[in-house]
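Okay, so here's the structure we're looking at.
The values are calculated or read from the model by the stated rules, or taken from the named source; none is laboratory data. Nothing here was measured: the structure is a model prediction, and the numbers come from that model. Cβ: placed from backbone, ideal geometry, glycine included. Neighbour counts: every protein chain shown. Side chains are part of the model used for accessible areas, which takes the heavy atoms of the whole protein and leaves out ligands, DNA and RNA. Shrake-Rupley method; radii C 1.70, N 1.55, O 1.52, S 1.80 Å.
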Protein chains: 2
Amino acid sequence: MGRDIKSMSNSVIQRLPRYLVYIQRLKRNDIQWISSSELAEALGLTPSTVRQDLSYIELAGISKKGYKIELMESALSKVLGINHEQKIIIIGAGNLGKALAMHRGFAAYNFTIEGIFDNNPELIGLKIGMLEVKPISQLKDFIKNNFISMGVIAVPQTSAQEVANQLIEAGVCGILNLTSANLNLPPKIAIVNTRISASLLEVACFMNVAKGECYNFNIACEQSNIVLSDS
Amino acid sequence: MGRDIKSMSNSVIQRLPRYLVYIQRLKRNDIQWISSSELAEALGLTPSTVRQDLSYIELAGISKKGYKIELMESALSKVLGINHEQKIIIIGAGNLGKALAMHRGFAAYNFTIEGIFDNNPELIGLKIGMLEVKPISQLKDFIKNNFISMGVIAVPQTSAQEVANQLIEAGVCGILNLTSANLNLPPKIAIVNTRISASLLEVACFMNVAKGECYNFNIACEQSNIVLSDS
DNA sequence: TAGATTGTTAATCGATTAACAATC
DNA sequence: TAGATTGTTAATCGATTAACAATC
């Protein structure tokens with residue numbers, strides 16, 4: 001009857017976004033119900049795992065029918081904390097920062113990108129979509145004045161810690177770190193590290209381990225955990 | 001005395017790139033030795049985990065001193081499959097694809113980006129750094145003629161499966177999927193899914209779970225697993 | 001030598017899976 | 001009703017941690 005979300009393991013938290021993304025797609029195709037085994041099949045999981053995971057969200061399934069997609073979507077959104085707007089800023093207006101600032105897909109999850117910052121004078125003032133690159137010196141005030149909840153770090157690795165410190169000081173308590181720096185942060189800050197270079201290294205490693213015979217690994221990186229998906 | 005790398009778990013494979021990145025940084029600062037506890041401390045792991053992980057690579061530690069960084073680097077590179085060049089192509093010349101094509105950091109891991117593809121006529125022919133965007137119609141031949149080992153999928157989600165099929169048919173056996181599509185692939189293909197949107201959803205979820213009191217989660221996403229790092 | 005650190009085996013912990021009564 | 005599916009408890013599996021002899 002609903003387990004306490006505070007006891008969700010990291011693996012669970014990594015799977016929830018996958019459920020959401022998948023059922024949103026079904027919804028667009030006017031599909032209304034899904035069973036734990038269908039969802040498991042689609043994502044390479046077991047029905048047990050799916051039902052265990054869903055026991056954390058406020059969602060009643062119905063015997064013989066499964067779960068109503070519309071209800072699952074709103075229950076997942078609530079647990080994922082995106083049933084209300086989340087204001088985000090990007091720090092670093094290099095190639096990656098720019099790409100993220102231009103990305104239209106975040107709106108689907110109620111994420112709005114409110115600003116992009118850099119300390120390179122050549123970039124400051126540059127227009128990126130609807131945004132204009134602001135100097136890092138304005139970072140803290142901006143966060144406070146605009147109720148920013150999350151920061152995305154897309155600066156060079158060597159500046160990552162410093163940026164993180166400023167984000168924390170200004171009151172941000174969620175960080176997506178896209179650099180390979182190992183950030184040192186106070187407790188109670190939600191931080192997710194997503195490193196594309198490291199992902200490439202993992203691909204290379206899997207290929208190397210498999211050599212010639214190759215194994216098929218399916219890594220749900222958002223998480224970024226790894227799930228074996230050969231079959 | 002060295003365990004079989006074929007028995008490495010996904011968690012191990014996710015940590016190896018972190019070790020490499022970290023010790024390369026130490027090396028640049030002329031540090032020559034590191035112990036399992038120092039490495040563990042730096043990455044938020046236990047010394048036991050580090051020693052267990054290192055038992056998969058060909059590296060002899062020395063009592064009282066630890067591991068020689070230079071040797072660790074080459075042993076890790078070998079297991080990660082980057083002791084030789086890996087040729088990569090990017091499919092999708094949108095914002096993210098462009099950003100990756102411009103990224104200089106991959107060279108440090110022996111990755112060379114050999115081409116970038118798109119099916120948008122407006123993008124074909126466009127110069128991106130040293131590369132020129134090629135049409136998808138040339139994808140398969142290019143892979144075969146240039147001995148491409150890995151493909152990075154940065155197209156819209158709806159085309160991801162089709163692109164993956166073509167990569168596989170052409171002989172690529174390692175894929176980094178940056179879309180939120182759940183790719184259906186034959187066995188023996190190394191695939192890593194790294195989704196920035198999903199990472200943002202995880203950050204939001206952690207913040208939501210923690211509410212007010214916030215917990216500090218450290219997600220090693222490469223691979224992307226999640227490790228609790230509050231302290 | 002004494003002390004620190006490795007390498008490896010055993011113990012613990014936690015996540016995943018199986019099983020099954022309850023339900024529609 | 002019969003059959004399928006949920007919700008949840010128990011069993012299994014595997015990853016992490018602890019412990020300690022061997023080593024420098």
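Laid out as a table, the results:
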| read-out | value |
| --- | --- |
| Two-decimal log10 I(q)/I(0) for chain B, as the Debye equation yields it once each C-alpha is a single scatterer, q = 0.07, 0.08, 0.17 Å⁻¹ | -0.28, -0.36, -1.26 |
| The protein assembly as shown: radius of gyration and largest Cα-Cα distance (Dmax), Å | 21.5, 64 |
| In the A-B interface, the accessible area buried, summed over both sides, Å² (probe 1.4 Å) | 7200 Å² |
| For B:P47, inter-copy label distances in nm, listed shortest first [label point 7 Å out on the Cα-Cβ vector] | 4.8 |
| Taking the C-alpha atoms of the stretch A:86-194, convex hull volume expressed per residue in Å³ | 95 Å³ |
| Under 12 Å, Cβ to Cβ, from A:K98 - net charge with Lys/Arg +1 and Asp/Glu -1 | +1 |
| Rounded percent of accessible protein surface that carbon and sulfur make up, the protein assembly as shown, 1.4 Å probe | 50 percent |
| For the stretch A:50-66, Karplus couplings with θ = phi - 60° (6.51, -1.76, 1.60), whole Hz, Gly/Pro x | 4, 5, 4, 4, 5, 5, 8, 9, 7, 8, 9, x, 10, 3, 6, 10, x |
| Ranked packing of A:200-208, B:68-76, most packed first, by mean Cβ within 10 Å | A:200-208, B:68-76 |
| Nearest-first distances (nm) between copies at B:G171, label 7 Å from Cα via Cβ | 5.9 |
| Along principal axes, Cα extents of the stretch A:5-79, largest first, whole Å | 33, 23, 21 |
| 20 °C / 1.002 mPa s Stokes-Einstein diffusion coefficient of the stretch B:1-132, Kirkwood radius on C-alpha pairs, µm²/s | 128 µm²/s |
| Rounded accessible area per residue of the stretch B:86-194, 1.4 Å, Å² | 42 Å² |
| The stretch A:13-36 and the stretch B:9-67: distance between their alpha carbon centers, rounded to Å | 39 Å |
| Label-point separation in nm, A:S137 to A:K6, each point 7 Å along Cα→Cβ | 4.4 nm |
| Virtual spin-label span in nm between A:N184 and A:E122, 7 Å along Cα→Cβ | 3.2 nm |
| Partner chain coverage, peptide B:99-109 - average Cβ within 10 angstrom | 4 |
| Within 10 Å of each Cβ in A:141-152, the average number of Cβ atoms from other chains | 1 |
| DSSP-loop GluC sites (Glu not before Pro) across the stretch B:116-179, with at most 13 other Cβ within 10 angstrom | B:E122 |
| For A:R28, label point 7 Å along C-beta direction: distances to other copies, nm | 3.9 |
| Net length gained if the chain between B:R28 and B:E169 were fully extended (0.36 nm per residue, minus Cα distance) | 46.7 nm |
| Accessible heavy-atom area order of A:S7, A:S63, highest first, probe of 1.4 Å | A:S63, A:S7 |
| For the stretch B:5-11, Karplus couplings with θ = phi - 60° (6.51, -1.76, 1.60), whole Hz, Gly/Pro x | 5, 5, 9, 4, 7, 4, 4 |
| A:S63/B:S48 FRET efficiency (R0 56 Å; Cβ-Cβ; nearest 0.05) | 0.80 |
| Amide H partners (placed H, <5 Å) of B:W33, local residues excluded | B:I69 |
